[in-house]
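In what follows, a structure is listed as structure tokens, so that the remarks can point back to it.
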């Protein structure tokens with residue numbers, strides 16, 4: 001990625017209004033209170049310096065034997081102490097509010113990311129470029145409220161500088177020019193190295209995702225078996241070291257250069273300050289100004305130098321943060337391609353005709369290969385359809401098209417004579433019960449694991465138990481100590497790990513949580529033994545009477561129960577018919593059936 005330019009920096013500041021809108025939405029009262037406290041605190045430094053000037057001048061008068069009231073001196077000392085205490089209290093209050101607002105903002109924006117991610121298409125989650133944007137957006141949910149603190153600090157410091165500048169300008173305006181020239185090199189240096197750091201961080205995003213992934217699989221309960229049995233720890237550690245060492249080397253080189261140049265620029269700033277300090281001292285010796293004015297002007301110049309240095313450096317940090325914010329807002333610019341149709345047609349209460357594929361083809365983004373092509377067939381209402389084919393034949397892609405997780409690249413899918421895209425998207429998803437072969441093993445309770453099949457019914461224990469009985473998971477649940485409240489998985493305390501077949505029964509229960517018109521099972525019994533598989537499909541046949549069902553399986557003993565079987569090859573429909581019809585055709589299905597049958601002889 002190209003380095004960030006000054007134009008990019010100022011352009012990135014355009015992200016701040018949207019950022020402040022998010023901060024305001026997070027908590028309006030805390031945002032206002034933070035701003036008000038900072039404005040009050042901005043006037044304290046100049047007040048402290050001026051009271052200090054009065055104290056010094058008064059002490060000088062007393063030391064010269066002037067008959068003045070000592071009470072006034074102690075009142076000034078008390079006033080300065082009060083201002084110092086107030087400044088500290090306001091500082092601690094703003095730090096507390098920053099912390100609270102930061103936690104709230106992190107939570108709020110994390111929810112926003114999850115909400116937006118839920119709107120996006122499945123295909124987008126399968127794109128590496130999308131994942132880079134998602135990862136960068138996630139990174140911005142933490143620590144971004146420092147921008148609020150930085151911008152408000154910027155306003156606070158500018159107000160303070162206004163007061164201090166007025167005093168120096170009255171004395172000698174040229175001191176302000178000297179101050180600016182002394183600080184400018186440090187500002188330019190910080191801007192340059194922050195740009196380099198941002199560019200480096202952005203380039204490293206894909207590798208950092210890989211680093212996090214290796215860190216996870218190198219020490220995870222889910223991967224421990226294979227890591228041990230295949231002796232993968234050495235391979236993973238070597239890859240981790242290779243990546244982490246490269247990150248360290250790149251970051252070290254940049255950090256060293258930054259430190260060396262920063263030392264030089266700081267030296268220039270220090271020389272400028274002491275040049276101005278010497279000038280003020282000379283004027284005091286000449287009697288042009290009082291000793292109290294010396295302390296006020298020297299203190300003002302010293303604070304102005306620090307404030308100006310901070311404001312310029314903070315501008316770099318603010319613009320840098322605004323550039324990083326672009327990553328956050330870029331994620332929200334990603335729009336789903338599968339959108340609800342205007343004036344969408346409600347999903348039929350009862351499917352009359354069924355689904356018809358008309359020359360349907362689908363191609364994944366950034367791929368030249370068709371996952372499915374030239375699909376022409378009908379899935380009749382109430383029909384049991386099985387999909388057969390070797391791995392990569394396009395079976396799972398087909399059912400994702402049927403559930404409208406994807407839209408066809410070409411052709412169309414009709415439901416009762418109307419394009420599936422005309423129906424209400426939420427209704428389509430609700431009307432389809434689907435369990436994929438790569439189902440998720442949620443580290444939650446049994447009830448929650450089943451309820452994800454219809455999360456609106458998560459409190460409906462009767463429905464959860466009924467779904468469990470339908471999938472034959474109830475016998476497993478009764479053996480668990482906590483029954484439906486038993487935590488599953490080993491990630492959290494008191495969790496119980498299940499076998500692959502037991503997990504599969506839990507996943508199958510999800511499919512029965514919804515009273516759907518279309519039920520899709522993708523390799524639903526791959527982890528079950530022969531007896532359990534037979535029992536599951538006997539139950540499945542009974543439960544899907546009068547309903548439309550699609551079944552994907554490599555086991556021909558399973559697909560024989562289907563009314564009709566589609567044989568896919570390289571994404572295209574090769575054969576279709578009943579088990580008997582396909583055997584009689586002596587084509588691909590018969591060949592695969594015979595191959596599998598020999599394995600049991």
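The values are calculated or read from the model by the stated rules, or taken from the named source; none is laboratory data. From a predicted model like this one, the values you see are computed outputs, not experimental measurements. Cβ sites come from the backbone with ideal geometry, for glycine too, and all protein chains shown count toward neighbours.
Every residue, every condition in (1) surrounded by 16 or more Cβ atoms within 10 Å (Cβ to Cβ); (2) in contact with a strand residue (DSSP E or B) (Cβ under 9 Å, 6 or more places away or on another chain), yes or no:
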position	(1), (2)
296	yes, no
306	no, no
319	yes, no
328	yes, no
358	no, yes
370	yes, yes
375	yes, yes
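Residues in the stretch 390-411 that are at negative phi and over 34 Å from the mean Cα position of the chain (by Cα): 390 only.
Residue 557: farther than 25 Å from residue 354 by Cβ and either out of contact with any helix residue (DSSP H, G or I) (no Cβ under 9 Å at 6 or more places or on another chain) or not assigned by TED's automatic domain parsing to the domain that holds residue 468 (or both), yes or no?
Spelling it out, residue 557 is indeed farther than 25 Å from residue 354 by Cβ and either out of contact with any helix residue (DSSP H, G or I) (no Cβ under 9 Å at 6 or more places or on another chain) or not assigned by TED's automatic domain parsing to the domain that holds residue 468 (or both).
Considering the conditions (1) part of a helix (DSSP H, G or I); (2) under 40 Å from the mean Cα position of the chain (by Cα); (3) at pLDDT below 85, residue 539 is excluded by exactly one of them, (2). Counting only residues that are in contact (Cβ under 8 Å) with a residue 12 or more places away in the chain and surrounded by fewer than 18 Cβ atoms within 10 Å (Cβ to Cβ), the stretch 271-282 holds 5 of them. Only residues that are part of a helix (DSSP H, G or I) and either within 20 Å of residue 465 (Cα to Cα) or assigned by TED's automatic domain parsing to the domain that holds residue 398 (or both) were counted in the stretch 485-521, giving 12. Of the helices (runs of 4 or more DSSP H) lying entirely inside the stretch 383-452, those containing at least 3 residues that are surrounded by 19 or more Cβ atoms within 10 Å (Cβ to Cβ) span 395-402, 446-451.
Do we find that residue 473 is in contact (Cβ under 8 Å) with a residue 24 or more places away in the chain and either closer than 24 Å to residue 224 by Cβ or exposed (fewer than 15 other Cβ atoms within 10 Å of the Cβ) (or both) in this structure? Here the answer is no, as residue 473 does not meet what is asked. Check whether at least one residue in the stretch 145-153 is within 19 Å of the chain's Cα centre (by Cα) and part of a helix (DSSP H, G or I), and report yes or no. Yes, there is a match, as at least one residue in the stretch 145-153 is within 19 Å of the chain's Cα centre (by Cα) and part of a helix (DSSP H, G or I).
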